[in-house]
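Here is the structure we will look at.
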Amino acid sequence: MNVRAAPSDTRFSMRERMAMYTDNALKIGLFGANCSSGRAVTLVPERWTGNWEDNLQLARMADDAGIEFMLPVGRWKGYGGDTDYMGTTLETITWATGLLAQTKRLIVFGTVHAPLFHPLIAAKQFVTADQVGEGRFGLNIVVGWNEDEFQMFGVTQREHDARYDYAQEWLDAIKMAWGPQEDFDFDGQYIKLKKVRAKPKPFGGARPLIMNAGASPTGRAFAIRNCDAFFTNASRTSMEDNAQRVKEAKEEARSQGRELDVYTVGVVTCRPTQKEAEEYYRYATIENGDWSAVDGILAKKNISVATVGEEEFQRQRHHYAHGMGGLLMVGDPDRIAQTLADLSRAGLRGIGFSFVNYLNELPYFCDEVLPRLERMGVRQRRR
Ligand SMILES: Cc1cc2nc3c(=O)[nH]c(=O)nc-3n(C[C@H](O)[C@H](O)[C@H](O)COP(=O)(O)O)c2cc1C
């Protein structure tokens, strides 16, 4: 791990930012901790509070353990159900800034809806977070999909592909504000800025890491064109498919003269035995799922028996109950470590995952899974 003294004149390259300042082949992150219930749509009493105290404790624990990043979910309104799933959320840029102030190595992302933040205010917020974190802020750009949330702001959603056209201008304007020029005009189709002054700049001479998780052809093209980290779904059944998908995305980026890392997301239930892990998964996610919240999420995505048929509807219900999608990993430490090592060998640079209760479950993961990953050669012992 490249541990830094942190004088303000330290210079970091984009390569070091992309490596998240560690030599680990597989970067590990925690996903969704800024929201109540995290990514588990469950009624169990130990479900995640999402409150500041728990987030801070979690970030310090992750920082000490050498976990590379925390990635929040940008959510403004809960999904209802018995728990009002994700109904209580910490705003992600201020959340990230607070965590960066209290950690030493962790990369903390903000997940930002481009249409809801003026680009110059956003650019300055990101710079401020990056200065506080001495080069450890990352930006997850999202364009939004949830009509309800946008109504709340009085903002009308654009048609799907136009959301990415807007996001392109938004990001171009932000990059100009981050760049060396101190005065500029920006004359886009959507965004027009006159006589801009933007100081200070991001910390240490390189800009924050940028990620996106577009899944449509337009979203994927946006990520490949603009991002350092492309988050995409990984297959549970075929590591060959994963390897192929990673290879294609990296080659496409390279053909545009860019380097791109590919990441994925998942959900981990790790217990001493396979049987215990499966029992807990069944207890938390199936028997005590907040199914009315799951059905609310599906309705927003227009997934119903009428639109997709009974079999697919049931499949999607289970998929959304465990963290709204992502790779489901349920097992003993050997099984979990093997899956993570397989993802690394398929070319994935990292994974962000969630637990039902991050604080209760992370210590066991760090004690049992991280040493296995070190022995398997995909991570190094933290120095
Ligand atoms: C890792 C990951 C994180 C995401 N975070 C958010 C989020 O916090 N808020 C949001 O509105 N969408 C989020 N999304 C949705 C994506 O940004 C994207 O809109 C979605 O994958 C659909 O792709 P498309 O926009 O190309 O249709 C996330 C998706 C993934 C896989």
Original post:
Out of (1) touching a residue at least 24 places away in the same chain (Cβ under 8 Å); (2) within 25 Å of THR264 (Cα to Cα); (3) in a helix (DSSP H, G or I), the odd one out for ASP64 is which?
Top reply: (1)
Original post:
Quick check: is even one residue across segment 306-325 among the β-branched types (Val, Ile, Thr) and touching a residue at least 60 places away in the same chain (Cβ under 8 Å)?
Top reply: no
Subject >> Any hit, segment 334-348, residues being under 22 Å from the mean Cα position of the chain (by Cα), open to solvent by less than 40 Å² (accessible area, probe 1.4 Å) and over 22 Å from GLU240 (Cβ atoms) >> reply: no
Original post:
What number of residues within segment 101-115 are within 16 Å of the chain's Cα centre (by Cα) and more than 12 Å from the ligand (Cβ to nearest atom)?
Top reply: 3
**OP:** Could you check, for segment 179-202, whether at least one of its residues is surrounded by fewer than 19 Cβ atoms within 10 Å (Cβ to Cβ) and part of a helix (DSSP H, G or I)?
**Re:** no
**OP:** Quick one: count up the residues across segment 54-97 that are under 24 Å from GLN151 (Cα atoms), aromatic (Phe, Trp, Tyr) and either more than 16 Å from the ligand (Cβ to nearest atom) or in contact with a Phe, Trp or Tyr (Cβ under 7 Å, 6 or more places away or on another chain) (or both).
**Re:** 2
Subject >> Test: residue in segment 110-119 that is modelled with pLDDT of 95 or more, in a loop (DSSP other than H, G, I, E, B) and open to solvent by 60 Å² or more (accessible area, probe 1.4 Å) >> reply: yes
**OP:** Kindly list the number of the only condition in (1) among the aliphatic types (A, V, I, L, M); (2) under 21 Å from VAL143 (Cα atoms); (3) surrounded by 21 or more Cβ atoms within 10 Å (Cβ to Cβ); (4) in contact with a strand residue (DSSP E or B) (Cβ under 6 Å, 6 or more places away or on another chain) that fails for VAL246.
**Re:** (2)
Original post:
Which of the residues that make up segment 1-29 are modelled with pLDDT of 95 or more, aliphatic (A, V, I, L, M) and either within 20 Å of VAL132 (Cβ to Cβ) or open to solvent by 60 Å² or more (accessible area, probe 1.4 Å) (or both)?
Top reply: MET20
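When you go through TYR85, TYR79 one by one, which is the residue that is at pLDDT below 95 and open to solvent by less than 50 Å² (accessible area, probe 1.4 Å)?
Numbers: TYR85 fails: at pLDDT below 95.
Residue meeting the stated conditions: TYR79.
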Original post:
Of everything in segment 349-377 that's open to solvent by 10 Å² or more (accessible area, probe 1.4 Å) and either outside any helix (DSSP H, G or I) or basic (Lys, Arg) (or both), which residue is farthest from GLN244 (Cα to Cα)?
Top reply: ASN357
**OP:** Determine, yes or no, whether LYS195 is in contact with a Lys or Arg (Cβ under 9 Å, 6 or more places away or on another chain), closer than 19 Å to HIS118 by Cα and among the basic types (Lys, Arg).
**Re:** no
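The values are calculated or read from the model by the stated rules, or taken from the named source; none is laboratory data. Just so you know, these numbers come straight off a predicted model, no measurement behind them. A quick note on method: Cβ atoms are made from the backbone with ideal geometry, for glycine too, and the neighbour counts reach across all protein chains shown. When the accessible area is computed, the model is the full protein with side chains, heavy atoms only, and any ligands, DNA or RNA have been set aside. Shrake-Rupley method; radii C 1.70, N 1.55, O 1.52, S 1.80 Å.
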